[in-house]
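Have a look at the structure below before the remarks.
Please treat every number below as a calculation from the coordinates, not as lab data. Given the structure is predicted, the values throughout are model-derived calculations rather than measurements. Cβ placement follows ideal geometry from the backbone for every residue including glycine, while neighbour counts extend to all protein chains displayed.
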Amino acid sequence: MFQSEITKEEVADLDLIQYEGPIMVIDSMEAFDREIGQINKHRILGFDTESRPSFKKGKSYPTALIQLSSEQRAWLLRVSRIGYPKRLVELLANPDKLKVGLGLNDDLRRMRSDFQFEPGGFLDLQQYVTAFRIEEKGLKKLSGIVLGRRISKSQQVSNWDSDLLTEAQLRYAATDAWICLEIYNTLKNSISNSHG
C-alpha cells in the first residue's frame, strides 16, 4: 500500500507542499477568546509545538507556540505570551478531541513542565504508521511516503520567542500541524478505501 521507507534523495525530488490557508496568531486573551470557539468546533486537529532552540546540552526552553490546525485553518497560540488559559487546557486534556502530532513525547513533557495537566486525546503518528508497515518516523519522510510531497524544515531552529514571527515562521509552524492532519486523514482514508 505505502512504501515502508524512503531515501533522502527520493524526498528531495518531491514537490514542496506547505499550508496555504489562513493563519490566526493568538497572542492575547482577546484573540484567544475570539478563536477558541472555532477551534473547539473541530473533532480532529493537527497539533505541534515550537520552543526556542537550545544549543546547550541539558538546557531547554518552555513551549513558545502551540499549533493547531483543521483542514482549512491554522491557529498559532503564543503560550509564551498568553500562558495556558483554562479552555486551552480543557482542549488539551479532552479525550474526545483528537489531536494528531508526531513525536509527541517531547512536546507533551515540555508542556507539562510549563503547566500541570493530564493530556488526553493525543495520537502520535510515529505509532500510528506502524499499522501501515511504514518504518519512517520523521515528518519529512512520512510526508514523502504518504502524501508524495516534501515539507521544508528551514525555519525549525528559528527564534519562536521573538516579538514578531516572520511570514516564513508562521507558514512553517502552521504547516507542521496541518501536515500531521493531512497524513492522518490520508492513512485513515486508505483503510476505508481498501475495505470499500
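Does anyone have the angle between helix 104-114 and the longest principal axis of the chain? Alpha-carbon axes, 0 to 90°, nearest 10?
Result, in degrees: 10.
Mind running the shape call on the range 22-129? Use the C-alpha gyration tensor, a ≥ b ≥ c as the square roots of the eigenvalues: rounded below 1.5 for a/c, prolate if a/b tops b/c, oblate otherwise.
On the way: a/c = 1.57, a/b = 1.17, b/c = 1.35.
Cα axes put the range 22-129 in the oblate bin.
Stretched out fully, how many nm does the piece from residue 43 to residue 15 gain, at 0.36 nm a residue minus the Cα gap?
Working it through step by step, the gained length comes to 7.1 nm.
Of 121, 101, 58, which has the largest mean-square fluctuation in a 10 Å C-alpha GNM of the chain?
Per the Cα network of the chain with a 10 Å cutoff, 58 tops the list.
Over the chain, what is the relative contact order in percent, taking alpha-carbon pairs closer than 8 angstrom and at least six residues apart? Intermediate values should be presented prior to the final figure.
Working: 329 pairs, mean separation 64.6, N = 196.
The normalised contact order for the chain reaches 33 percent.
What nm value, rounded to one decimal, do you get for the distance between residue 159 and residue 72 when each label is placed 7 Å out toward the C-beta?
Those two pseudo-labels are separated by 3.7 nm.
Roughly speaking, what is the stretch gain from residue 3 to residue 94, that is 0.36 nm per residue apart minus the C-alpha to C-alpha distance, in nm to one decimal?
Between residue 3 and residue 94, full extension yields an extra 29.4 nm.
Out of all DSSP beta bridges with both ends in the range 8-195, state the antiparallel percent to the nearest 5.
Expressed as a percentage, antiparallel bridges in the range 8-195 total about 45.
By count of other Cβ within 10 Å, fewest leading, how are 55, 122, 32, 132 ordered?
The order, fewest Cβ neighbours first, is 55, 132, 122, 32.
State to the nearest 20 debye the size of the charge dipole of the range 90-196 about its Cα centre, where the only charges are +1 on K and R beta carbons and -1 on D and E beta carbons.
Dipole about the Cα centre, nearest 20: 500 debye.
In terms of Cα to Cα distance under 22 Å, which lysines are near enough to residue 86, apart from those fewer than 8 places away along the same chain?
Filter leaves 41, 97, 99.
Please identify which residues in the range 89-129 have an amide N closer than 18 Å to a label point set 7 Å out from the Cα of residue 192, following the Cα→Cβ vector.
Within reach of a label on residue 192, which here means backbone N under 18 Å from a point 7 Å along Cα→Cβ, the range 89-129 contributes 97-100.
If you count, for each residue, the other Cβ atoms within 10 Å and average over each peptide, how do 36-43, 140-147 line up from highest to lowest?
140-147, 36-43
Using a basic spin-label model with each label point 7 Å from the Cα along Cα→Cβ, how many nm lie between residue 137 and residue 61?
Calculated label separation equals 2.6 nm.
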